Each structure stands twice: as structure tokens, then as C-alpha cells.
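In what follows, a single structure is set out as C-alpha cells and then discussed.
Coordinate-derived values only; no laboratory data. Please read all numbers here as calculations on a predicted model, not as lab measurements. Glycine gets a Cβ as well: all are built from the backbone with ideal geometry, and neighbour counts include every protein chain shown.
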């Protein structure tokens, strides 16, 4: 699973996000087609969400070159913050990221949100889910990016809030996960401030070109209470030595 990393914690919270129409639950037989069918009901006709000086909206096919440009730049400047390596990813075509779009745009993800400053893409966040029946209730946040020049404006927090707002309105989703480089303290603090808790620590998760290793924090957020109860109960069980997996 890709990790979710960003720079300094934003200085100010963004404006409230718009409530979105609900998805239909995936079909019981599972598979990627079930997720695509479910996600397809979320996106048509949605209006962008405004953020001071920027706009949040779902990415579509014409946005893929801008997405690749943003991602290539972030990978080159922040080796520690991504699992993928810059040299390999730079050889990819923009169209190879089509799978990160929502189904109405020809993709296989639930959605990818973009933050735009004028006609320039300055941030992005992808939400994915599996079609297998036993894990259809879990969503995964991957590929969080905020351009260096735009950090401190609340864009990362706005992307995260908008994504969670969408997910919370889907009754078939119960849990969302992410992973983040353990040494990225501002990012870890942001996710904790949004209610995420750590359920695991993966040492030596990434090996850099110079031989250094980086650990990952594995985090999750309960979207609605089920048998496991709220996030606090998960942390308490972990503290007591009982596996929550």
C-alpha cells in the first residue's frame, strides 16, 4: 500500500466541505467491478469545493499530465516520503495513472481529489477500496501530496477533510487506513488530529538508495462504530496486549 505523507501542518483549517450524495453498496459477489459500480454513483454532477485561493475537485482524464508532473516533482524532492522511487516513476506515461481516477472517469479507484490554484494542480489525494466481499467495508488513502510552495495553507488538511466527508456518507464503508513514514512527525500529527490512531509499526519498511531504512506507521480511522467500537477502544486493546487485527 502506498504511504500518505505531506509537509508541515497547515496553519489554518479550510472551509467546511460540501455533503455528497451516497454511493450504492458493492454487490455481494465482490470483485473490482463491485467497487467500480459502487463508486460510480458518487461522482456525476458534483460541484467543486472551494478553499481560499484554491479549489478542490475530482481528477479526470485531462488532469493526468498535471498529476504526473506534481507526483514526479514530489518524488524527486522528498525521497523519504514515498515508497515509489523517482527514477522509475518518471518513465511512466501520464495515462498509466488512469486507474487512480473514479469509475465515471475511466478509473478503478473510489476517487482522486485534486487541489487547484488557478489552472495548476498543487495537491492530490487518492482513495481506493477492494471488491473482495470480506474487506469491502475498508477504504485506503494513498498518494497524499502538497506542492512545497503551497504548504502551510491548509491544503493537505482540506484534502483529507473532503475525502473523509465523502467516505462518511457511504453506509457500506466502516474503516479507512493509511500508512506514513514514521519520522514524518508533522504528517503523523495531522492524521492524529483528524482522529486516526496507530495500529501497527513496520520497521525497515523502505530501503533508500543509500542503504538507509525508514519505518512506517500504520494508521486507521473508524468511520462508524461496528463490533470493534470507536478508535479509542482499538488503542486500549492494543495497550492491553490484545491483537486488534
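Classify the range 80-124 from the C-alpha gyration tensor, please: rounded if a/c falls under 1.5, else prolate or oblate depending on whether a/b exceeds b/c.
On the way: a/c = 1.79, a/b = 1.20, b/c = 1.49.
Because a/c hits 1.5 or more and a/b fails to exceed b/c, the range 80-124 counts as oblate.
So how do 144, 194 line up by other beta-carbon neighbours within 10 Å, fewest first? Before the final figure, lay out each step's value.
Working: 144 27, 194 14.
Starting with the residue having the fewest Cβ neighbours, the order is 194, 144.
Would you mind calculating the gained length between residue 132 and residue 225 on full extension (0.36 nm times residue separation, minus the Cα-Cα distance), in nm to one decimal?
Computed gain between residue 132 and residue 225 is 31.4 nm.
By its C-alpha gyration tensor, with a ≥ b ≥ c as the square roots of the eigenvalues, how is the range 93-209 shaped: rounded for a/c under 1.5, else prolate for a/b larger than b/c, else oblate?
rounded
Determine the distance separating the Cα centre of the range 60-80 from the Cα centre of the range 123-148; give it in Å without decimals.
If you average the Cα positions of each part, the centres end up 17 Å apart.
Rounded if a/c is under 1.5, else prolate if a/b is larger than b/c, else oblate: which is the range 53-101, with a ≥ b ≥ c the root eigenvalues of its Cα gyration tensor?
Cα axes put the range 53-101 in the oblate bin.
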